[in-house]
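> Dumping the structure here so I can ask a few things about it.
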Amino acid sequence: MKSENMYCNDDELAKKLNLTYIRDRGEIPKGELYLWKEDCGLFLCKEELSLKADFTDSLPRLKQSNLEHEILLKAVRIKGHEGTLKVLDATAGFAEDSLILAAAGFDVTCCEKNEIISALLKDAHARALKDSNLSKYAERLDVFAGDSKEMMKPEKGFDVIYLDPMFPERKKSGLIKKKFQLLQLLESPCDDEEDLFAAAKGAKPKKIVVKRPAKGPYLAGCKPSHSVQGKVIRYDCYINA
Ligand SMILES: C[S@@+](CC[C@H](N)C(=O)[O-])C[C@H]1O[C@@H](n2cnc3c(N)ncnc32)[C@H](O)[C@@H]1O
């Protein structure tokens, strides 16, 4: 599978994202976000901060022995399902969760609506397809930029729709790693959770799985069929919602 690539070159990408594309360190704009490209990937930068999406960071979690401990898989699996499970990650971010799902053998479509995050994600995906350690996982991912509500249609045939919308408390965390401070500038708490959940139900998947903080409220106030509880997070599962 491949990622949808809309941009012919980096200038076109920067123009689309309304960012400056810097080739020379002398041109760095003060206090502004800009794009910087090296052989090792595309970076979003601001002053001393820089951020790229990189699937390599997830490699330890993708080992078969470690996957067994991922409660995400417990939440997403469908007992008795025959064939490959088709999952839509409708709030992809940097696709860390999508990678876990791909490593477990599912076919994963990931969709990210923020144009800058999706550009960084596509760059990471393109690099992963050429990386001998990551290609077997990256090949199970399709990456799309845009609002996933457009993709949530019954005819797409998703077995599971996975939602991890930004939760307000995460934004306030003082412990957040420095590089993720840039991500905070781009992500905003989800303001359309009812529409997102209604769209997921409209697609008629066998299951909807929603990631929440361990003690957070249900998405759109809707009680799940059951939950898989972890120490910090919880997965709410809605069967044939
Ligand atoms: C908390 S992050 C997801 C992190 C992700 N689960 C991971 O493992 O990296 C939430 C992301 O969902 C995206 N998002 C929110 N609503 C969306 C929508 N309707 N369609 C596509 N992406 C959406 C946000 O832009 C944000 O990047």
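> Taking region 153-175 only, how many residues are touching a helix residue (DSSP H, G or I) at 6+ places or on another chain (Cβ under 7 Å) and at pLDDT below 75? Let's see the steps before the verdict.
Going through region 153-175, the residues touching a helix residue (DSSP H, G or I) at 6+ places or on another chain (Cβ under 7 Å) turn out to be 160-165, 171.
Add one more test, that the residue is at pLDDT below 75, and what stays is 171.
Number of matching residues: 1.
> What are the pairs with Cβ atoms under 8 angstrom where one residue, in region 66-80, is in contact (Cβ under 8 Å) with a residue 12 or more places away in the chain and the other, located anywhere, is of a type in the set (Lys, Arg) and in a helix (DSSP H, G or I)? Sequence gap at least six, or different chains.
Leu67/Arg61; Glu70/Arg61
> Only residues that are more than 16 Å from Gly93 (Cα to Cα) and in a helix (DSSP H, G or I): list them for region 194-204, please. Spell out the reasoning first.
Narrowing region 194-204 to residues more than 16 Å from Gly93 (Cα to Cα): 194-195, 197-204.
Hits for region 194-204 are Glu194, Asp195, Phe197, Ala198, Ala199, Ala200, Lys201, Gly202.
> Condition check: surrounded by fewer than 22 Cβ atoms within 10 Å (Cβ to Cβ) and within 16 Å of the ligand (Cβ to nearest atom). Does Asn133 satisfy that?
Details: surrounded by fewer than 22 Cβ atoms within 10 Å (Cβ to Cβ): yes; within 16 Å of the ligand (Cβ to nearest atom): no.
Considered against the rule, which asks whether it is surrounded by fewer than 22 Cβ atoms within 10 Å (Cβ to Cβ) and within 16 Å of the ligand (Cβ to nearest atom), Asn133 comes out as no.
> Give the residue that is nearest to the ligand (Cβ to nearest atom), with candidates limited to residues of region 137-161 that are small (Gly, Ala, Ser) and closer than 17 Å to Glu112 by Cα. Working first, answer last.
Looking only at region 137-161, we keep the residues that are small (Gly, Ala, Ser), and these are 138, 145-146, 148, 157.
In the following step, the residues that additionally are closer than 17 Å to Glu112 by Cα were identified as 138, 145-146, 148.
Working: Ala138: 15, Ala145: 9, Gly146: 7, Ser148: 4 Å.
Per the criteria, the residue is Ser148.
> A follow-up question, please. Scanning region 183-201 for residues that are closer than 15 Å to Lys153 by Cβ and within 9 Å of the ligand (Cβ to nearest atom), which turns out nearest to the chain's Cα centre (by Cα)? Don't jump to the end; show me each part of the working.
Of the residues in region 183-201, the ones closer than 15 Å to Lys153 by Cβ are 195-196, 198-201.
Checking the rest, the ones that are also within 9 Å of the ligand (Cβ to nearest atom) come to 195-196, 199.
Numbers: Asp195: 19, Leu196: 15, Ala199: 18 Å.
Residue satisfying both the conditions and the ranking: Leu196.
> Another question about this same structure. Among the residues of region 205-241 satisfying the criterion of being of a type in the set (Ser, Thr, Tyr) and in a strand (DSSP E or B), which is surrounded by the fewest Cβ atoms within 10 Å (Cβ to Cβ)? Give the steps one after another, and end with the answer.
Filtering region 205-241 down to residues of a type in the set (Ser, Thr, Tyr) leaves 218, 225, 227, 235, 238.
If we keep only those that are in a strand (DSSP E or B) as well, we get 227, 235, 238.
Details: Ser227: 17, Tyr235: 22, Tyr238: 23.
Per the stated criteria, the residue is Ser227.
> Return the pairs, sorted by first residue and then second, in which the second residue is near the ligand (Cβ under 9 Å from one of its atoms) and assigned to a helix (DSSP H, G or I), the first residue lies in region 110-121 and is within 11 Å of Ala53 (Cβ to Cβ) and charged (D, E, K, R), the beta carbons are less than 6 Å apart, and the residues are 6+ apart or on different chains.
Matching pairs, first to second residue: Glu112/Ser118; Glu112/Leu121.
> In region 85-130, what residues are away from the ligand (no atom under 11 Å from the Cβ) and small (Gly, Ala, Ser)?
Once the filter is applied, which keeps residues that are away from the ligand (no atom under 11 Å from the Cβ) and small (Gly, Ala, Ser), region 85-130 yields Ala102, Ala103, Ala104, Gly105, Ala119, Ala126, Ala128.
> Report every pair of residues separated by at least 6 positions or lying on different chains whose Cβ atoms are under 7 Å apart, first residue within region 188-212 and closer than 14 Å to Lys149 by Cα, second buried (at least 16 other Cβ atoms within 10 Å of the Cβ) and of a type in the set (Asp, Glu).
Pro205/Asp159
The values are calculated or read from the model by the stated rules, or taken from the named source; none is laboratory data. Note that the coordinates shown come from a computational prediction; the quantities given were computed from them, not determined experimentally. Backbone-built Cβ (ideal geometry, glycine too); neighbour counts: all protein chains shown.
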